[in-house]
Every structure is written in structure tokens, then in C-alpha cells.
Amino acid sequence: MVTSPTRLPFRLILASGSWGRKWLMEQAGYSFEVKPSNIPEPTEARLGDCRHYVGELAWLKAQAVALAVEDGLVIAADTVGWLHGKVIGKPEDEADARRIIKSLSGTVHELWTGVCLWLRPGDWQFTWQERSLVRMKSLSDVEIDAYLKTRKWEGCSGAYAIELPHDPYLTVEQGSVSNVIGLPMESLEKALNWMAASVSRQPT
């Protein structure tokens, strides 16, 4: 499990209402505030590239919150599935969740997360994107019906939230499990340590 640095020279603001990201931050031992960005999320990748899509959205989410923060480090992220050149985002309703699950059933698809750190004041920005490969087992209509009744698909990209420690339907074949949940904690820890060291080296 990722552990937070003993001391950070800035307060943390999580620009997300995602329970998964909040849970990951809590499990890692970080103290933080929650300020969701609440910006609209397009359903198509503007340049046909998922890396650019999640990177741009993470930056826009960070910007929306940073403009209302006088001091602190804003952490923003965006996570989507990617299959056959199409964004697999959050379902609009149960019928849409069924459509998404049927499209992912029996596939190995990409799961991308873009992260943006935005330090106020000063407006330092640090962004990156990570990819995981996720296999979903072939699901019968009965299994899909049972899953939809759990409502676990609500508000989740790809219409699923991976269960820990062992998900009955999903296997992460490549990349970070925390990335699939919505925030790549291993790289986030490195980025926070780098930014903390950089801030500490600045003249007072």
C-alpha cells in the first residue's frame, strides 16, 4: 500500500467527488479536502486519442477548482475506458449501463486515467496519463441482470467499479489497479514527493 510522505509543504485538495479516489487517498494516509470540479465531460475524444482526452479533462478539472483556491495543491483526475477507438464513459442510466457492459463483455479493453496537479499560488502544473489493460469475462444476460441490480455501475466509467481483492468479472492484466479505480497512487506518490522537494528548494 502506498503511504503518504510524513510532511507536505502544501495542503491537498481533491477535485473530485469520486468515492473511489477519496477511498484511495484515505487508504494511503493523506489528509485532504474535497472540492468536486463539476465540469461537463464530452462523450467523444476530440482528437481521437484517449491519452489526450483524459489529459485535457484532468487539466480542465484542476483549473476549475484551482481558480477558487488561494493556496494548496489541487489533484484532479479523469478516468475512462477505451475500446475500438471509442470512449467508454459513465452510463446515463441502467439501459446505457447494460449496453456498455455488453460491449465490454469478453474483451480486453484499455482503462486510461489522466492526472493533473495544480499548485496555488504560483500555478505550477504537472500532468501525466496512465493506461491499464482490463479483461472482462464473458457475461450471460442473467449475470448482467444481477450486476445491474447492485447499482455498482452508477457514476463509474465503463459501468463498473472493480472489487478488491478479487473481482469476479474483471482482471487487471497490465498496469496499476489503483489506476483502474481512478487514481494511480504509485505515480501520484512520486509526483507529490517531487513537487514537495521542488517547493522546499525555492527561496523564501
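The values are calculated or read from the model by the stated rules, or taken from the named source; none is laboratory data. All figures in this text were calculated on a predicted structure; none of them were measured in a lab. Every residue, glycine among them, receives a Cβ derived from its backbone with ideal geometry; neighbour counts consider all protein chains shown. All accessible areas refer to the heavy atoms of the entire protein, side chains included, with ligands and DNA or RNA removed. Shrake-Rupley method; radii C 1.70, N 1.55, O 1.52, S 1.80 Å.
General observations
- Calculated on C-alpha atoms, the gyration radius of segment 85-142 divided by its Kirkwood radius gives an Rg/Rh of 1.18.
- One chain, two ends: Lys152 and Ala68. Fully extended at 0.36 nm per residue, the span grows by 27.1 nm beyond their Cα-Cα distance.
- Shape class for segment 96-189: prolate, because the ratio a/c of the largest to smallest gyration tensor axis (alpha-carbon atoms, square roots of eigenvalues) is 1.5 or more and a/b beats b/c.
- The convex hull drawn around the Cα atoms of the chain, when projected onto a plane and averaged over every direction, covers 11.4 nm².
- Pairs exceeding a 29 Å alpha-carbon distance, out of Lys137/Lys190; Lys61/Lys190; Lys86/Lys152; Lys35/Lys152: Lys137/Lys190.
- Amide H contacts under 5 Å for Val34: Leu14, restricted to partners 5 or more places along the chain or on a different chain, H placed in the peptide plane at 1.01 Å from N.
- 5 angstrom amide H check on Trp124, placed H, neighbours 5+ away: Leu119
- Within segment 120-170, all pairs of alpha-carbon atoms sorted by distance into 10 Å bins from zero give the percentages 18, 42, 18, 14, 8, 1.
- By accessible area, using a 1.4 Å probe on protein heavy atoms only, the chain has 51% of its surface on carbon and sulfur.
- Angle in degrees between helix 141-150 and the longest Cα principal axis of the chain, rounded to the nearest 10: 40
- With q set to 0.14, 0.15, 0.17, 0.28 Å⁻¹, the log10 of I(q)/I(0) for segment 11-86, from the Debye formula over equal scatterers at the Cα positions, is -0.48, -0.55, -0.68, -1.28.
- Rounded to the nearest 10 degrees, the inclination of helix 185-201 to the longest alpha-carbon principal axis of the chain is 10 degrees.
- Probe 1.4 Å - accessible area at Leu8, Å² to nearest ten: 40
- A straight Cα-to-Cα reach below 18 Å connects Lys22 with the aspartates and glutamates Glu33, Asp78, Glu154, Glu163, Glu186, Glu189, residues fewer than 8 places away in its own chain not being considered.
- Protein-only accessible surface order, largest first, of Phe10, Phe126 at 1.4 Å: Phe126, Phe10
- Heavy-atom surface of the chain, accessible at 1.4 Å and reported per residue (Å²): 51
- Helix-only arithmetic for the chain: the sum of -39500 (n - 2.57) across DSSP H runs with n ≥ 4, divided by the residue total, places the mean residue ellipticity at 222 nm at -10500 deg cm²/dmol.
- Spin-label pair His84/Ala196, simplified geometry with 7 Å Cα→Cβ offset, distance in nm: 4.6
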